[in-house]
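Each remark here refers to the structure printed beneath this line.
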Amino acid sequence: MNAHAPTDELLFTKDEAGIARIVLNRPQARNALTFAMYRGLIACCEDIAADPSVKVLIITGAGEKAFAAGTDIAQFRSFETAEDALGYERFMDQVLGGLERLRVPTIAAIAGACTGGGAAIAASCDLRIATRDARFGFPIARTLGNCLSQANLKRLSNLIGPARVKDIIFTARLVGAEEALAIGLVGEVVEDAAALTERVDTLATLLTNHAPLTMQATKEGLRRLAEEETLPEGAPRPGDDLILLCYMSEDFREGMEAFLGKRSPDWKGR
């Protein structure tokens, strides 16, 4: 087995059967993602793209409490300018788009909390299998007061429809596994972490034996159907004004400090 470690907090392995695995490895922080981990995801996708022996990718979180509980909030404290906010969302689009553009099928193996950036990663995978204790959501209306990019809104809307996206974000509630299955957010629910490992391994093995070009063409064709019109490099993107509305607000700063200070935010709407 070949092992690669873009960071100790993101583990990457490839085996002789053609199955690549990424483990989000910060269990002490519910696998909250640092910027280094996001860069590691990009590096893993580049590695897979250059390696024709890889036939499928599995992404999971270390431990049983979380797939990933979003982006590590402390990193937002450095945000001061409009470019900080826009650059972050474009960076996230690069991370998630890299997963979507991989030629091989991707499987998210989800146990426990799957929120914020973690939920966005799961939504970017082709197949999602969850344990019964899995919980999904984007509780930003209750915590940070930021927003999702147009690309992320479209990604979620394509999965579950705009009405359910609004419901989940407006209420800031977490969706349980059975509801996630019913609305199409996940494709399968298993009993526990042990059953999750077994089922995902079985599915990955199945996919390694199927026609790779059929899966590649299907995946890429569906991605093109959902893709927005390509914009020139550096051109303003739809929704940039909405990102700045949130990330440059007093409310975002208040939400971040309240979250880190373990208190309730005092929203002002400005």
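The values are calculated or read from the model by the stated rules, or taken from the named source; none is laboratory data. Because the structure is a prediction, the values reported are computed rather than measured. FYI the Cβ positions are ideal-geometry reconstructions off the backbone, even for glycines, and counts take in every protein chain you see.
Numbers for the structure displayed
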| item | result |
| --- | --- |
| Arg26, sole failed condition from (1) over 20 Å from Ser124 (Cα atoms); (2) surrounded by fewer than 22 Cβ atoms within 10 Å (Cβ to Cβ); (3) charged (D, E, K, R) | (2) |
| Members of segment 190-216 found to be surrounded by 19 or more Cβ atoms within 10 Å (Cβ to Cβ) and not in a helix (DSSP H, G or I), listed by number | Val190 |
| Members of segment 29-40 found to be surrounded by fewer than 23 Cβ atoms within 10 Å (Cβ to Cβ) and not aromatic (Phe, Trp, Tyr), listed by number | Ala29, Arg30, Thr34, Ala36, Arg39 |
| All positions within segment 135-170 that are modelled with pLDDT of 95 or more, of a type in the set (Lys, Arg) and assigned to a helix (DSSP H, G or I) | Arg164, Lys166 |
| Long-range neighbours under 6 Å by Cβ, at least six apart or interchain, first residue under 24 Å from Gly87 (Cβ atoms) within segment 216-237, second modelled with pLDDT under 60 and surrounded by 12 or more Cβ atoms within 10 Å (Cβ to Cβ) | none |
| Of the criteria (1) in contact with a Leu (Cβ under 6 Å, 6 or more places away or on another chain); (2) more than 27 Å from Pro265 (Cα to Cα), which one Ala82 fails | (2) |
